[in-house]
1. I need the full set of residues from the stretch 316-325 which are surrounded by 22 or more Cβ atoms within 10 Å (Cβ to Cβ) and more than 20 Å from the chain's Cα centre (by Cα), in order please.
2. Being part of a loop (DSSP other than H, G, I, E, B) and in contact (Cβ under 8 Å) with a residue 40 or more places away in the chain is the filter; apply it to the stretch 263-281 and report the residue that is surrounded by the fewest Cβ atoms within 10 Å (Cβ to Cβ).
3. Output the number of residues of the stretch 354-371 satisfying the condition of being under 19 Å from the mean Cα position of the chain (by Cα) and without any contact (Cβ under 8 Å) to a residue 24 or more places away in the chain.
4. Can you spot a residue in the stretch 50-72 that is over 18 Å from residue 299 (Cα atoms) and modelled with pLDDT of 95 or more?
5. So for the stretch 77-88 (the condition being in a helix (DSSP H, G or I), surrounded by fewer than 16 Cβ atoms within 10 Å (Cβ to Cβ), more than 25 Å from the chain's Cα centre (by Cα) and not assigned by TED's automatic domain parsing to the domain that holds residue 316), does at least one residue qualify?
6. Looking at 342, 375, 383, can you tell me which residue is in contact with a helix residue (DSSP H, G or I) (Cβ under 7 Å, 6 or more places away or on another chain), outside any strand (DSSP E or B) and either buried (at least 21 other Cβ atoms within 10 Å of the Cβ) or touching a residue at least 24 places away in the same chain (Cβ under 8 Å) (or both)?
7. Can residue 289 be described as within 21 Å of residue 341 (Cβ to Cβ) and not in a helix (DSSP H, G or I)?
8. Output the number of residues of the stretch 297-310 satisfying the condition of being within 18 Å of residue 384 (Cβ to Cβ), in a helix (DSSP H, G or I) and out of contact with any helix residue (DSSP H, G or I) (no Cβ under 6 Å at 6 or more places or on another chain).
């Protein structure tokens, strides 16, 4: 007897830890911008697995690279070299403009790598007293879920019950360059920031913030580290969100779309001055740089470039934002975005964003609430005008009825 949505939801409720609150849909197939549930209903994916499928679901070139590599060798560990990691990292350095790359698997691992690099750089290159290094971060940040990372989160839910917290972090308001300069001390080794705070509700700093950050960090001799896990690789309408202000951080963290949505791939990229703090044995990953992930990552980067997906994101993002701005509805507090990362904030007097996401699901469109009040609109970058219009008609209906 065929299983239905209800059967799958009952099963997962029994056997899965209750650490997510997904929409009640069970997906079984994806292609481009579209996904299908176990009963064959088709939906437009407007979340893109939190920007992990920028290239669209099951992009044929990325899937082919994965399958071809799976027929040869899938894992070597870093005890040996493999013939895929070098070409992948060379491509990654070419695209990012850095000299060195350190491959990992998940975004959180990439952030941990950056934190370790910054601290060790502070001791070796800046002369900070051992175990005194501080990293400045921003309020409402989201950099991952490890104990160290949640230690510098300001979200109570992420921290509650997971102490003791890791020390060594200062928090400033997001987008406040003056606060950054005031917070710097002799023990500061780095400033870690998301160019756009996606999980916090698509918060975009004022123009000039990143440029000012670059000036301040150079002036005080500290590292500027950009978490581009969600904003990078075309999502904002340029290859990296920092490109909008023409700034080049000392290091960048990448993930999600780096694996093309078919395999977890992340990396920390920087120049020799920063990356030289790593020596054999002081950091590593069994799966980091594995041939399967490297092959997928190489193909994922080529798809972004060959299909001009950052340019597509800029064009389609401008169009969708313009159309959304025409919607007249009392429930809309604000619409903000850059490229194809867009947030529609719901006025608190109209409740939370969750019921609106559920109504969109009933209309055949999958979006997800973030920070209670914001509907996040983040389709795969391969979306076209016809599909965008299809989505916009449903968004208008849900927001005006």
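1. Selection gives 320 alone.
2. 271
3. Qualifying residue count for the region: 1.
4. Pass one, the stretch 50-72, residues over 18 Å from residue 299 (Cα atoms): 50.
Cutting the leftovers down to modelled with pLDDT of 95 or more gives us 50.
The answer is yes; a qualifying residue exists.
5. Within the stretch 77-88 (the criterion being in a helix (DSSP H, G or I), surrounded by fewer than 16 Cβ atoms within 10 Å (Cβ to Cβ), more than 25 Å from the chain's Cα centre (by Cα) and not assigned by TED's automatic domain parsing to the domain that holds residue 316), the answer is no, since none of the residues qualifies.
6. Exactly one of 342, 375, 383 is in contact with a helix residue (DSSP H, G or I) (Cβ under 7 Å, 6 or more places away or on another chain), outside any strand (DSSP E or B) and either buried (at least 21 other Cβ atoms within 10 Å of the Cβ) or touching a residue at least 24 places away in the same chain (Cβ under 8 Å) (or both), namely 383.
7. No.
8. Of the residues in that region, 4 qualify.
The values are calculated or read from the model by the stated rules, or taken from the named source; none is laboratory data. Fair warning: this is a prediction, and the values are worked out from it, not measured in the lab. Reconstructed Cβ throughout: ideal geometry from the backbone, glycine too, with neighbour counts over all protein chains shown.
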